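Colleague: Here it is, the structure, as C-alpha cells.
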Amino acid sequence: MTNEQAIHQAYELAKERYQELGVDTEEVLAKLAQLSLSIHCWQGDDVHGFINPETDLKDGLTVSGSYPGRAKTPAQLTADLKQALALIPGPKKKVALHTIYAVTDRKKDLDEIGPEDFKYWVDWAKEQGVGLDMNGTFFSHQMVKNNFTLASPDKAVRDFWIKVGKQSRQIANYFGKELGVQAVNNFWIPDGFKDNPIDKLSPRKRLMESLDEILAEELPEANTIEAYEGKLFGTGIESYTVGSHEFYANYALTRNKLWTIDAGHFHPTEDVSDKFSSFLLFGKGLQLHVSRPVRWDSDHVVILDDALVRIARSLVRDDLLAKTNVGLDFFDATINRVAAWVIGARATQKAFLQAMLAPIADLKQAELAFDFTKRLALTEELKTYPVGAVWDEFCLRHDVPVGSTWLKVIKNYEDTVLAKRN
C-alpha cells in the first residue's frame with residue numbers, strides 16, 4: 001500500500017466515524033477550503049520593511065532572535081512567502097502588508113507612500129493568485145512624539161499621521177480594485193501614557209477626530225474596508241492606552257467598520273472567543289489577528305492550543321465566519337521564519353477543521369432541551385475523534401505535504417536559499 005492509499009484509507013474510516021454522529025466530512029472539507037487566511041508578511045523580515053530597513057523597532061514592538069536567513073529585499077521576502085504559501089493547504093489566501101513594505105523608486109517618507117509604491121506587490125499577488133490586506137505603519141518613526149501619533153496634542157504630528165492613514169486607504173483601495181478581493185485596512189496606533197494621566201478624554205477625542213478625517217473620502221467597500229485594533233496596554237504606555245478595546249469597538253460600531261480582535265492584546269485571563277457573539281450581534285464584522293500571548297502580547301507562533309480551539313469553535317458554532325476576516329499576526333526570529341508561517345497557518349486551519357467536525361445542530365438542540373448530559377458527553381468524545389485523518393486528506397487534495405514531511409521542503413529551502421543570505 002502506498003502512503004497516499006494509506007491516507008485515503010484512514011480518511012474513509014474517519015468519514016464513517018463522523019457519519020455516525022451525522023457529520024458529513026466532505027461538506028466540512030469543502031467549507032474549510034473556503035476559509036480565507038491572511039498571512040502577515042512581517043514574520044519574514046522581523047518587521048524591518050523596505051523604507052528604512054536599518055531602523056530598530058520601537059514604540060512597544062520587539063522581535064526576539066537572530067535565526068539566519070532574514071529576508072532583506074522585496075525579492076527575498078516574496079520568495080519566502082511563495083514557499084510558505086505552497087505548504088499551506090487551501091485555495092483562498094491573502095498576504096497582509098504594512099506601509100513600510102512599499103517598493104519605491106526613490107526615498108520616501110511614510111506620508112508620501114501611495115498606491116504606485118505597491119505595484120510590485122500587486123503584480124506578485126496576481127501571479128500567486130492571492131489577495132492583499134493593508135496596515136498603515138504608525139510606529140518606529142521620528143514623528144511618534146512622546147508616544148503619540150493620531151492622538152497627539154501637536155497638530156503637526158496629527159497631520160502627518162492623518163496623511164499616513166489617508167494614504168493607507170488609497171493603497172488598500174488599489175489592492176481591492178486590482179485584485180478583485182476586498183482589502184482589509186487595519187489601524188493600530190501606539191498612543192498612550194507610561195504613568196497615570198490627568199485627562200483621559202481629550203486624547204480619545206483627538207483620536208476620534210483624526211480617524212474621522214482619515215475616513216472623510218468615501219471609498220468603494222467592494223475594494224476596501226477599515227478595521228480598528230485596540231490594546232490593553234503596551235510597553236511605554238502601561239497606564240493608559242488611547243486606542244482601548246472599548247474605544248475601537250464603539251468607533252467601529254458607529255462608523256459601520258470592522259473591529260479588530262488581536263488574541264494577544266487582552267488580559268491573560270480573558271477569553272477573546274467570548275467577545276465575538278457579543279460584538280457581532282451589533283457590529284458589521286471582525287478582523288481577527290491570531291497570535292499566541294505566552295506572556296500577554298508576546299506574539300509567539302500560533303499553535304493548536306486551547307485558546308485557538310476556543311476561537312475557532314466560537315466562530316464556527318455561531319456561524320460567524322462570514323462576518324470575520326481571519327489573519328495571522330506574530331513574529332519569531334528564534335526559528336526558521338518560513339517554517340513559522342507554515343506552523344501558524346496550518347495550526348489555525350486545523351483548529352477550524354476540528355470545530356467544523358461536530359454535529360453542531362444536534363448539540364444546539366440538546367442544549368435547547370437542557371440535555372446537558374448529551375452535550376457534555378458528545379463534546380468530550382469528539383476530542384479523540386480522528387480529525388488528523390481528515391486533515392491529512394485535506395492536505396493531499398490540495399497538493400501540499402502531509403504530516404511533518406513539509407519540514408524536508410523547508411530544510412532544503414534553508415540549505416539552498418536562506419543559508420546563502422548571510
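Colleague: Consider GLU221 carefully, then state whether it is at negative phi, of a type outside the set (A, V, I, L, M) and modelled with pLDDT under 95. Talk me through it step by step, then tell me what you get.
Modeller: Numbers: at negative phi: yes; of a type outside the set (A, V, I, L, M): yes; modelled with pLDDT under 95: no.
No; evaluated as a whole, the condition is false for this residue.
Colleague: List the pairs whose first member sits in region 273-289 and is farther than 18 Å from SER36 by Cα and surrounded by fewer than 17 Cβ atoms within 10 Å (Cβ to Cβ), whose second member is charged (D, E, K, R) and modelled with pLDDT of 95 or more, and whose Cβ atoms are under 7 Å apart, counting only residues at least 6 apart or on separate chains?
Modeller: Pairs found: SER277/ASP318.
Colleague: Taking region 176-202, which residues are touching an Asp or Glu at 6+ places or on another chain (Cβ under 7 Å), surrounded by 17 or more Cβ atoms within 10 Å (Cβ to Cβ) and either at pLDDT below 95 or not in a strand (DSSP E or B) (or both)? Can you show your working first?
Modeller: Taking region 176-202 and keeping what is touching an Asp or Glu at 6+ places or on another chain (Cβ under 7 Å), we get 183-188, 190, 194.
When the remaining residues are screened for being surrounded by 17 or more Cβ atoms within 10 Å (Cβ to Cβ), the result is 183-188, 190.
Of everything in region 176-202, those that are touching an Asp or Glu at 6+ places or on another chain (Cβ under 7 Å), surrounded by 17 or more Cβ atoms within 10 Å (Cβ to Cβ) and either at pLDDT below 95 or not in a strand (DSSP E or B) (or both) turn out to be TRP188, PRO190.
Colleague: Moving to a separate point now. In this structure, is GLU226 more than 19 Å from LEU328 (Cβ to Cβ), charged (D, E, K, R) and not in a loop (DSSP other than H, G, I, E, B)?
Modeller: Values: more than 19 Å from LEU328 (Cβ to Cβ): yes; charged (D, E, K, R): yes; not in a loop (DSSP other than H, G, I, E, B): yes.
So GLU226 passes the test.
Colleague: How many residues, within region 98-117, are surrounded by fewer than 22 Cβ atoms within 10 Å (Cβ to Cβ) and in contact with a helix residue (DSSP H, G or I) (Cβ under 6 Å, 6 or more places away or on another chain)?
Modeller: Here the count works out to 5.
Colleague: Can I ask one more? With under 25 Å from the mean Cα position of the chain (by Cα), surrounded by 15 or more Cβ atoms within 10 Å (Cβ to Cβ) and among the acidic types (Asp, Glu) as the only criterion, which of ASP362, ASP392 stands out?
Modeller: On the way: ASP362 fails: under 25 Å from the mean Cα position of the chain (by Cα).
Checking each option against the conditions leaves just ASP392.
Colleague: Related question: Go through region 1-117 and tell me which helices (runs of 4 or more DSSP H), entirely inside it, have 3 or more residues that are within 30 Å of THR224 (Cβ to Cβ).
Modeller: Details: elements: 3-19, 25-33, 74-85.
Here the list reads 25-33, 74-85.
Colleague: While we're here: Could you list, in sequence order, all residues of region 287-333 that are part of a strand (DSSP E or B) and over 24 Å from THR379 (Cβ atoms)?
Modeller: Looking only at region 287-333, we keep the residues that are part of a strand (DSSP E or B), and these are 287-290, 292, 300, 324-328.
Answer for region 287-333, where residues must be part of a strand (DSSP E or B) and over 24 Å from THR379 (Cβ atoms): GLN287, HIS289, HIS300, ASN325, GLY327, LEU328.
Colleague: Sort out which residues of region 229-251 are of a type in the set (A, V, I, L, M, F, W, C) and assigned to a loop (DSSP other than H, G, I, E, B), and write them in order of number.
Modeller: LEU232, PHE233, VAL242, listed by residue number.
Colleague: Among the candidates THR25, THR2, THR73, single out the residue that is surrounded by 12 or more Cβ atoms within 10 Å (Cβ to Cβ) and either more than 30 Å from LEU363 (Cβ to Cβ) or modelled with pLDDT under 95 (or both).
Modeller: Details: THR25 fails: either more than 30 Å from LEU363 (Cβ to Cβ) or modelled with pLDDT under 95 (or both); THR2 fails: surrounded by 12 or more Cβ atoms within 10 Å (Cβ to Cβ).
After ruling out the rest, the residue left standing is THR73.
Colleague: Can you find, within region 294-310, the residue that is modelled with the lowest pLDDT among those that are surrounded by 18 or more Cβ atoms within 10 Å (Cβ to Cβ) and over 19 Å from PHE352 (Cα atoms)?
Modeller: Ranking the candidates gives ASP297 first.
The values are calculated or read from the model by the stated rules, or taken from the named source; none is laboratory data. This is a predicted model, so every value here is computed, not measured. No Cβ is skipped: glycine too gets one built from the backbone with ideal geometry, and neighbour counts run over all protein chains shown.
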